[in-house]
Amino acid sequence: MINYRLGSRIISVIFLLIFYRTCSKHPFTPEIREILVHQNRRTLEKVADQYLNSPSAETRYRLCLAIANCQDTLLVTQLTTLLDDQSPTVRTGAAFALGQLASQTAKSLLVQHLSSETDTEVCQQTVLALAQFGNRSTLNFLLETNSEYLGQALIYYFQRQIYNPASLNYAVSHLQSNRHSEAYQSAFALSRVQNPNVMQEYVSILKTALKTADQVTRIKLVTCLASVNFSGKAEIWTQLLTDSVPEVRLEAARSIRIVAHDPLILHQVFNDSFPQVVATAIENLPDSLELTPILQSDFRVLGHHPSRAVRSALVKFLSRRGGQETLANFGLWPVETNLLPAFAEGIAASGQISGLAVLDSLSRHQFRAISTPAYLGLINLAEQFCRQDSIPCEQFCNYIAAGLKSDDPVKIAVAAESMRDSTAKCVASESLLYSSLNKFKNAEYADAVIEILKTIAVRHPPDAVPFIRLLLNARDFRIRDLAYQILRETYEANVPEIISDYRGAGRHSNLEMLKKYGLRPTILLETECGNIIIRLDGYYAPFTTDAFLSAIERGFYNGLNFHRVVPNFVVQGGDPRGDGWGGPGYTLLTERSPIEFNCGAVGMARTEYDTEGSQFFITLTDQPQLNYQYTRFGEVICGMDVVKRLEAGDRILAISVVTMDER
């Protein structure tokens, strides 16, 4: 028995040693770790030459990714060398990086390299890199080369409204390609064209393609046809609204106005089995819609629909039509607490002066998800009435002052921006800008401080300089740089140049979570609608993944909700405020990669580059326009049906790591 116990203890010790050694092994080599440190500090120029000729192709590839994320155009010379690397993987990384630098030199290198490159993956990335920032001349160049990746590239050109007859004809001619990817890419590209007059001449081809296209292509063709006029459009829309694919019906519902004159068709749509179709249709109903007895009956039934999204859309529509009285007529007053944000948005859009008192009251609600849209609506509506002389501008200024006096950084930001852009002077509120600057506590207040600084730059109050000087040492580089710029350019003050080795540096991280869980751990996201399994990607987004895992360990996400759902696009959650404006108290740098945002991709939300925090999104369909612009740090590997059922307000019950990455 003694020997058995002794043996068991020895085995246990050996197991623990093996486990500790496995878990303590860093997933990145020392060379790559050093590159990542300098990437995060934005000091990559210090080590770029050192690793340019590393014997490890993986190290050289990582250097390419780091250059892309630093976006330092001074490192183009290093990319010139890497673009001729013997490894196709490294050349692919170099092409990707040049696409992010977006300089004339980068364009010349990519154009020159495309003529000599033989590897298909490198050619593809070179074409896509050009499409990220290329102008009409590079578009013509790609048309002349007739690259097989042109269809994919057109998505990025058309997204920036760069097109010509040749490129439009190319896209239209591939709508009925036997290769589904070509047809989809062409349809997606055409759906990005914002001028309906451009698409008008292709109506017959679009209609023909719609008959034979697969479901994902059909969704984009519906988008193309929605903006143009043609005979028989109502008949086609009637068919689309009964399509077998919910996503197609949903896309058609965005343009429900086409058939809104027919209450029988609306009745059919309001009984759709997919709640998001019903909600989308209600959200897009025209304000002039006649409420026939059939519609009134439908609305009374919809007021008790089990879907929160449907009830929310209905409350918003009816609030816009007639406020509290109309809601009461349909049995929807008093409004459920979780539908008050929709009520506030509807009242704000109603254009009724009586809405000011309602919004003013809601703007002081204890829940930020309610007070934020109410205050936004209050400011917009009051400014409109102020311009029309319907209310004294002093009343508008009082609403501005209330926002600046609050401790809510969002209200402060909204008030400062409105004060800047309004025709009302609100001179008495200028001193409140300075006191609001003193409320700066953490990254959550950064946007408010930036809006205050922008307002000071426009209004140019004479006593602002001492308050701005205090921000020259701010940790947030955006605040620091803007304060410096305003002092030098607006006030012509004598201030020393900002010198920092860590200009724009990201949140410090030694990547301990990746060391603990590996590069691609699997997490379980438990929601009120079911479970979602996600595989994280710490290779392409190491700092984001590390921060996300750290937040999971702290239980940060438990109990938060999905505050934003855009059908056929994304669901978004992870905001502790619940209104889309909150974060974890720190910011992360954007980590771009060549990995695409296909359906189920998990990315970090942001307001601008390098402002990511805790809010994440999951794509509901392929979203190629997000590629290379947002941090993609994972993908759903099980539970997309749950993702597609999520509605705004659904809660995250818990997130946990369920599987560590195999090493």
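For the subset of the stretch 260-279 comprising residues that are open to solvent by 20 Å² or more (accessible area, probe 1.4 Å) and among the hydrophobic types (A, V, I, L, M, F, W, C), which member is farthest from the chain's Cα centre (by Cα)?
Within the stretch 260-279, the match that is farthest from the chain's Cα centre (by Cα) is L264.
Every residue in the stretch 392-434 that is of a type in the set (S, T, Y), open to solvent by less than 50 Å² (accessible area, probe 1.4 Å) and in contact (Cβ under 8 Å) with a residue 12 or more places away in the chain, please.
First pass over the stretch 392-434, keeping only residues of a type in the set (S, T, Y): 399, 406, 418, 422-423, 429, 431, 434.
Remaining after also requiring open to solvent by less than 50 Å² (accessible area, probe 1.4 Å): 399, 406, 418, 422, 429, 434.
Scanning the stretch 392-434 gives Y399, S418, S422, S429, Y434.
Please enumerate the residues belonging to the stretch 113-145 that are within 29 Å of the chain's Cα centre (by Cα), among the charged types (D, E, K, R) and more than 17 Å from A102 (Cα to Cα).
E121
Give me the pairs: first residue in the stretch 469-492 and hydroxyl-bearing (S, T, Y), second residue open to solvent by 50 Å² or more (accessible area, probe 1.4 Å), beta-carbon distance under 7 Å, and six or more apart or on different chains, which are they?
As it stands, the answer is T490/H460, since those pairs meet every condition given.
Looking at Y163, Y170, which is the one that is open to solvent by 30 Å² or more (accessible area, probe 1.4 Å), modelled with pLDDT of 95 or more, in a loop (DSSP other than H, G, I, E, B) and not hydrophobic (A, V, I, L, M, F, W, C)? Walk me through how you get there before you give the answer.
Values: Y170 fails: in a loop (DSSP other than H, G, I, E, B).
From the options Y163, Y170, the qualifying one is Y163.
Out of (1) at pLDDT 95 or above; (2) more than 28 Å from the chain's Cα centre (by Cα); (3) in a loop (DSSP other than H, G, I, E, B), the odd one out for E148 is which?
With respect to (1) at pLDDT 95 or above; (2) more than 28 Å from the chain's Cα centre (by Cα); (3) in a loop (DSSP other than H, G, I, E, B), E148 is out only on (1).
Output the qualifying pairs, or none if there are none: Cβ atoms under 6 angstrom, residues six or more apart or on different chains, first residue in the stretch 255-266 and in a loop (DSSP other than H, G, I, E, B), second residue open to solvent by 30 Å² or more (accessible area, probe 1.4 Å).
Correct list of pairs: A260/P286.
Looking only at the stretch 569-614, which residues are closer than 18 Å to Y539 by Cα, within 13 Å of the chain's Cα centre (by Cα) and assigned to a loop (DSSP other than H, G, I, E, B)?
T590, F597
Which one is farthest from V248 (Cα to Cα), of the residues in the stretch 208-226 that are open to solvent by less than 60 Å² (accessible area, probe 1.4 Å) and either touching a Pro at 6+ places or on another chain (Cβ under 8 Å) or among the basic types (K, R) (or both)?
Here the residue is K220.
In this structure, is I595 in contact (Cβ under 8 Å) with a residue 12 or more places away in the chain, aliphatic (A, V, I, L, M) and open to solvent by 40 Å² or more (accessible area, probe 1.4 Å)?
Values: in contact (Cβ under 8 Å) with a residue 12 or more places away in the chain: yes; aliphatic (A, V, I, L, M): yes; open to solvent by 40 Å² or more (accessible area, probe 1.4 Å): yes.
Spelling it out, I595 is indeed in contact (Cβ under 8 Å) with a residue 12 or more places away in the chain, aliphatic (A, V, I, L, M) and open to solvent by 40 Å² or more (accessible area, probe 1.4 Å).
Filter the stretch 469-505 for residues that are small (G, A, S) and at pLDDT 90 or above; which is least open to solvent (accessible area, probe 1.4 Å)?
First pass over the stretch 469-505, keeping only residues small (G, A, S): 474, 483, 493, 500, 504-505.
From what's left, at pLDDT 90 or above: 483, 493.
Working: A483: 0, A493: 19 Å².
Ranking the candidates gives A483 first.
From the set of residues in the stretch 524-560 that are closer than 30 Å to Q39 by Cα, assigned to a loop (DSSP other than H, G, I, E, B) and of a type in the set (D, E, K, R), which is least open to solvent (accessible area, probe 1.4 Å)?
The residue in question is D537.
Got a number for residues in the stretch 193-250 being among the small types (G, A, S), over 27 Å from the mean Cα position of the chain (by Cα), closer than 21 Å to A279 by Cα and part of a helix (DSSP H, G or I)? Steps first, answer last, please.
Just the residues of the stretch 193-250 that are among the small types (G, A, S), to begin with: 204, 209, 213, 226-227, 231-232, 234, 244.
From what is left, the residues that are over 27 Å from the mean Cα position of the chain (by Cα) are 204, 209, 213, 231-232, 234, 244.
If we keep only those that are closer than 21 Å to A279 by Cα as well, we get 234, 244.
Then drop every residue that is not part of a helix (DSSP H, G or I), which leaves 234.
The qualifying residues number 1.
Restricting the search to the stretch 371-391, which residues are touching a residue at least 40 places away in the same chain (Cβ under 8 Å) and of a type outside the set (S, T, N, Q)?
Passing the criteria: P373, E383.
Can you spot a residue in the stretch 101-112 that is in contact (Cβ under 8 Å) with a residue 40 or more places away in the chain, open to solvent by 20 Å² or more (accessible area, probe 1.4 Å) and assigned to a helix (DSSP H, G or I)?
No, because not a single residue in the stretch 101-112 is in contact (Cβ under 8 Å) with a residue 40 or more places away in the chain, open to solvent by 20 Å² or more (accessible area, probe 1.4 Å) and assigned to a helix (DSSP H, G or I).
Determine, yes or no, whether A279 is touching a residue at least 60 places away in the same chain (Cβ under 8 Å), in contact with a strand residue (DSSP E or B) (Cβ under 8 Å, 6 or more places away or on another chain) and assigned to a helix (DSSP H, G or I).
Working: touching a residue at least 60 places away in the same chain (Cβ under 8 Å): yes; in contact with a strand residue (DSSP E or B) (Cβ under 8 Å, 6 or more places away or on another chain): no; assigned to a helix (DSSP H, G or I): yes.
It is false that A279 is touching a residue at least 60 places away in the same chain (Cβ under 8 Å), in contact with a strand residue (DSSP E or B) (Cβ under 8 Å, 6 or more places away or on another chain) and assigned to a helix (DSSP H, G or I).
Conditions first: (1) over 29 Å from the mean Cα position of the chain (by Cα); (2) surrounded by 21 or more Cβ atoms within 10 Å (Cβ to Cβ). P55 passes all but one, so which condition is the exception?
For P55, the failing item is (2).
Just checking, does the stretch 75-93 include any residue being surrounded by fewer than 23 Cβ atoms within 10 Å (Cβ to Cβ) and within 27 Å of the chain's Cα centre (by Cα)?
No, the stretch 75-93 contains no residue that is surrounded by fewer than 23 Cβ atoms within 10 Å (Cβ to Cβ) and within 27 Å of the chain's Cα centre (by Cα).
Run down A187, A183 and say which single residue is buried (at least 16 other Cβ atoms within 10 Å of the Cβ), under 23 Å from the mean Cα position of the chain (by Cα), assigned to a helix (DSSP H, G or I) and not acidic (D, E).
Numbers: A183 fails: under 23 Å from the mean Cα position of the chain (by Cα).
Result: A187 is the single residue among A187, A183 that is buried (at least 16 other Cβ atoms within 10 Å of the Cβ), under 23 Å from the mean Cα position of the chain (by Cα), assigned to a helix (DSSP H, G or I) and not acidic (D, E).
Kindly evaluate N40 against the criterion of being of a type in the set (S, T, N, Q), touching a helix residue (DSSP H, G or I) at 6+ places or on another chain (Cβ under 7 Å), within 18 Å of V90 (Cα to Cα) and in a helix (DSSP H, G or I). Break it down stepwise before answering.
Details: of a type in the set (S, T, N, Q): yes; touching a helix residue (DSSP H, G or I) at 6+ places or on another chain (Cβ under 7 Å): yes; within 18 Å of V90 (Cα to Cα): no; in a helix (DSSP H, G or I): yes.
No.
Can you list residue pairs whose Cβ atoms sit under 8 Å apart, with the first residue in the stretch 643-656 being in contact (Cβ under 8 Å) with a residue 40 or more places away in the chain and under 12 Å from L620 (Cβ atoms) and the second being of a type in the set (G, A, S) and part of a loop (DSSP other than H, G, I, E, B)? Count only pairs 6 or more apart in sequence or on different chains.
Every condition considered, the pairs that remain are V643/G600.
Quick one: A601 ticks every box in (1) free of Cβ contacts under 8 Å to residues at least 40 places away in the same chain; (2) farther than 24 Å from S191 by Cβ except a single one, so which number is it?
(2)
Identify all residues within the stretch 232-259 that are of a type in the set (G, A, S), open to solvent by 20 Å² or more (accessible area, probe 1.4 Å) and within 22 Å of Q176 (Cβ to Cβ); write none if there are none.
Going residue by residue through the stretch 232-259, those that are of a type in the set (G, A, S) are 232, 234, 244, 252-253, 255.
Among the residues that remain, those that are also open to solvent by 20 Å² or more (accessible area, probe 1.4 Å) are: 232, 234, 244.
Residues satisfying the conditions are G232, S244.
Taking the condition of being open to solvent by 30 Å² or more (accessible area, probe 1.4 Å) and at pLDDT 95 or above, how many residues in the stretch 304-321 meet it?
Counting residues in the stretch 304-321 that are open to solvent by 30 Å² or more (accessible area, probe 1.4 Å) and at pLDDT 95 or above gives 8.
Starting from the stretch 113-134, keep only residues that are more than 10 Å from S147 (Cβ to Cβ), then list their pairs with residues that are open to solvent by 50 Å² or more (accessible area, probe 1.4 Å) and of a type in the set (V, I, T) whose Cβ atoms are within a distance under 9 Å, requiring at least 6 positions of separation or different chains.
From residues that are more than 10 Å from S147 (Cβ to Cβ), the pairs are S115/T145; E121/T89; V122/T89.
Of L143, L130, which residue is of a type in the set (A, V, I, L, M, F, W, C) and buried (at least 24 other Cβ atoms within 10 Å of the Cβ)?
When all the criteria are applied, what remains is L130.
Kindly indicate whether Q324 is among the polar types (S, T, N, Q) and either surrounded by fewer than 14 Cβ atoms within 10 Å (Cβ to Cβ) or in contact with a Pro (Cβ under 6 Å, 6 or more places away or on another chain) (or both).
Details: among the polar types (S, T, N, Q): yes; either surrounded by fewer than 14 Cβ atoms within 10 Å (Cβ to Cβ) or in contact with a Pro (Cβ under 6 Å, 6 or more places away or on another chain) (or both): no.
For Q324, the condition - among the polar types (S, T, N, Q) and either surrounded by fewer than 14 Cβ atoms within 10 Å (Cβ to Cβ) or in contact with a Pro (Cβ under 6 Å, 6 or more places away or on another chain) (or both) - is not met.
The values are calculated or read from the model by the stated rules, or taken from the named source; none is laboratory data. Just so you know, these numbers come straight off a predicted model, no measurement behind them. Quick reminder, even Gly has a Cβ in these numbers, built from the backbone with ideal geometry, and neighbours come from all protein chains shown. SASA here: full protein model, heavy atoms, side chains in, ligands and nucleic acids out. Shrake-Rupley method; radii C 1.70, N 1.55, O 1.52, S 1.80 Å.
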